[in-house]
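Below: the structure, in structure tokens.
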Amino acid sequence: MKNKVILFLGLFLSASLAVMAQDNISPARKQAIDSLALEKVKDLSKYVSIIGSKETQFSEANRVMDRAEELFAPGAEMGVSSINTQEVAYYKVRRYFERLMALNYDRVNITWYDIQYISDLERQPDGRYVGVITVYQRFEGTSIETGMNYKDTTKKDITIYVEKKQTQIAGRTIEFWDVMLGDVRVTETSA
Amino acid sequence: MRKIFLIIAFFTAIISNVPGQGIGSPGTIKDDGRLSASTKQLNQFFRRFNGEESIDGTVRFYPEDSLYRNVPLRKGFLDILFDNQTSSVSPDLKNQFIQTVLSEAYPHYLNFHREGWYAEVDTYFTFKGKREQVTFIMKIQAEGLGYEWVIDRVIFEPFKTLFNKQVGDQKDFLHPLSHELGFMNLRRAFQDSNSPESFTANSYEPDYLAIFLYEMKQNNLRFETVSGLKFHFFQIQGWYFEVNQFNRPGFNTGWLISNLVRLGPGDKETILKHIYDQD
């Protein structure tokens, strides 16, 4: 069983991340990294939908928040602004999720647009690469008591950090590209 | 090991059963073309300007691709990279600019890493208990293994009124034989005068950024928030343009050219002085 897991991990790393020795990112590798980054963003979008849903139990939402937090680099923040003001309000990722969970609606529906945009990867002074993925989220909250129905569409610009890491599998050193999410800029749009 | 698989399976089941779902799920909203048309990132502005991506932005073109910097593709992009709703850029000036950029003999492109473009970032700080607007002029520079944004200039009103150097016969001065007195009259500059800047050389320019950093280190300045952003471009020879973000309904949205100037002799320096708040 252990050998199978090792073989699976090895195949996964080499297939999805195109393990290479050099530092330059070729178009093919960029595409592989984009796919991996997009998977993380998709995971995040699922977690956001779960955390925001009123059907989600408190304990379950907390567990999902833990998972969602694991997608982010330490210290990542959400910077939120509305149509009325461009001023950014800052929240730690966990706090943002907690606020989302605590929203005072009886019914919440979070959906996502089928469009996303992935930037080029730029290298930072420390050698890590950074990029931004833009996605759009539709939020609908309904309060039965007041009959209020709130809707908005937000643009989410999500930082991704891409770093080459090493792991030991069956005594061999294998290099792979790892993706972490960073700061997220949340802008309310007129869409 | 079986337990781990069960946990993974359970968690996957939870995720797949929640309404709303994530990106790519069956509940995804189809874009009616507005989000696709929007220039969503400045990165996309660069790529569209240069003709380095597909119309819908899903494919990045590289030098080996046949459509890389394709002229008709660029022409289409350049047309939509202008604020066509509120800007005062005339259609004639816009066409002249597009012709320059698409010139067969000498086409012009934007380069992310090259000098000649700046970010203007509006922020709010608390300075000695009062909320104040601070503007930073920022630029990209090479550093270490990559690149970084750095502060090139800070514009902060409270500092500008700090220095009010008079000139000519109106100003305080140290007379030209002060050296014979061992500069004992420095007392006039540092004790009696409330404008010690009067005793500096003609070439003296206050370094507001140094003062700003000093005040930060003294905990007299506290960052609050970012409140605005725009970009200034001088990379196209003979032209200046400004790029702003337009968050509004419709198809002409995102990062767009809001101001365009054909540069005559000395115009670039004048505009730069204006941006750097030196005029």
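The values are calculated or read from the model by the stated rules, or taken from the named source; none is laboratory data. The model shown is predicted, which means the values in this text are computed figures rather than measured ones. Counting neighbours? That spans all protein chains shown, and the Cβs are built from the backbone with ideal geometry, glycine included.
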Only one of B:Phe45, B:Phe125, B:Phe77 is in a helix (DSSP H, G or I) and under 21 Å from the mean Cα position of the chain (by Cα), namely B:Phe45
Of the numbered conditions (1) more than 10 Å from chain B (Cβ to nearest Cβ); (2) without any contact (Cβ under 8 Å) to a residue 12 or more places away in the chain, A:Gln86 fails exactly one; give the number of that condition. (1)
Can you name the residue in the range B:111-154 that is without any contact (Cβ under 8 Å) to a residue 12 or more places away in the chain and within 10 Å of chain A (Cβ to nearest Cβ) and is also nearest to B:Phe223 (Cα to Cα) among such residues? B:Glu148
Looking at the range B:23-35, which of the residues that are within 7 Å of chain A (Cβ to nearest Cβ) and farther than 17 Å from B:Asn84 by Cα is farthest from the chain's Cα centre (by Cα)? B:Gly27
Can you find a residue that is more than 21 Å from B:Val89 (Cβ to Cβ), in contact (Cβ under 8 Å) with a residue 12 or more places away in the chain, surrounded by fewer than 18 Cβ atoms within 10 Å (Cβ to Cβ) and within 14 Å of another protein chain (Cβ to nearest Cβ) anywhere in the range B:206-223? yes
Residue that is at pLDDT 95 or above and either among the small types (Gly, Ala, Ser) or surrounded by fewer than 18 Cβ atoms within 10 Å (Cβ to Cβ) (or both), where the choices are A:Arg94, A:Arg107: A:Arg94
So which residues in the range A:131-153 are out of contact with any Lys or Arg (no Cβ under 8 Å at 6 or more places or on another chain), crowded, with 18+ Cβ neighbours inside 10 Å and among the β-branched types (Val, Ile, Thr), if there are any at all? A:Val132, A:Ile133
Tell me, which residue of the range A:22-65 that is over 25 Å from B:Phe61 (Cβ atoms) and among the aliphatic types (A, V, I, L, M) is farthest from the other protein chains (Cβ to nearest Cβ)? A:Met65
Please go through the range B:165-223 and pick out each residue that is among the hydrophobic types (A, V, I, L, M, F, W, C) and under 30 Å from B:Thr126 (Cβ atoms). B:Leu209, B:Ala210, B:Ile211, B:Phe212, B:Leu213, B:Met216, B:Leu221, B:Phe223
Could you list all residues from the range A:112-133 that are more than 17 Å from A:Ser35 (Cβ to Cβ) and more than 7 Å from every other protein chain (Cβ to nearest Cβ)? A:Arg128, A:Val130
Select, from B:Pro26, B:Pro72, B:Pro19, B:Pro107, the only residue that is of a type outside the set (Gly, Ala, Ser), farther than 29 Å from B:Tyr147 by Cβ, modelled with pLDDT of 95 or more and out of contact with any His (no Cβ under 8 Å at 6 or more places or on another chain). B:Pro72
Looking for whichever is crowded, with 16+ Cβ neighbours inside 10 Å, more than 10 Å from every other protein chain (Cβ to nearest Cβ) and touching a residue at least 40 places away in the same chain (Cβ under 8 Å) here; the options are A:Ala68, A:Ala76. Which one fits? A:Ala76
Being within 14 Å of chain A (Cβ to nearest Cβ) and among the hydrophobic types (A, V, I, L, M, F, W, C) is the filter here, so list the residues in the range B:224-255 that pass it. B:Val226, B:Leu229, B:Phe246, B:Phe251, B:Trp255
Filter result (basic (Lys, Arg) and either modelled with pLDDT under 90 or closer than 30 Å to B:Glu132 by Cα (or both)) within the range B:161-203: B:Lys165, B:Lys171, B:Arg188
What number of residues within the range A:155-185 are modelled with pLDDT under 95 and under 20 Å from A:Val108 (Cβ atoms)? 0
List the residue pairs whose Cβ atoms are under 6 Å apart, where the first residue sits in the range B:48-70 and is part of a loop (DSSP other than H, G, I, E, B), the second is of a type in the set (Lys, Arg), and the two are 6 or more positions apart or on different chains. B:Gly51/B:Arg69; B:Gly51/B:Arg74
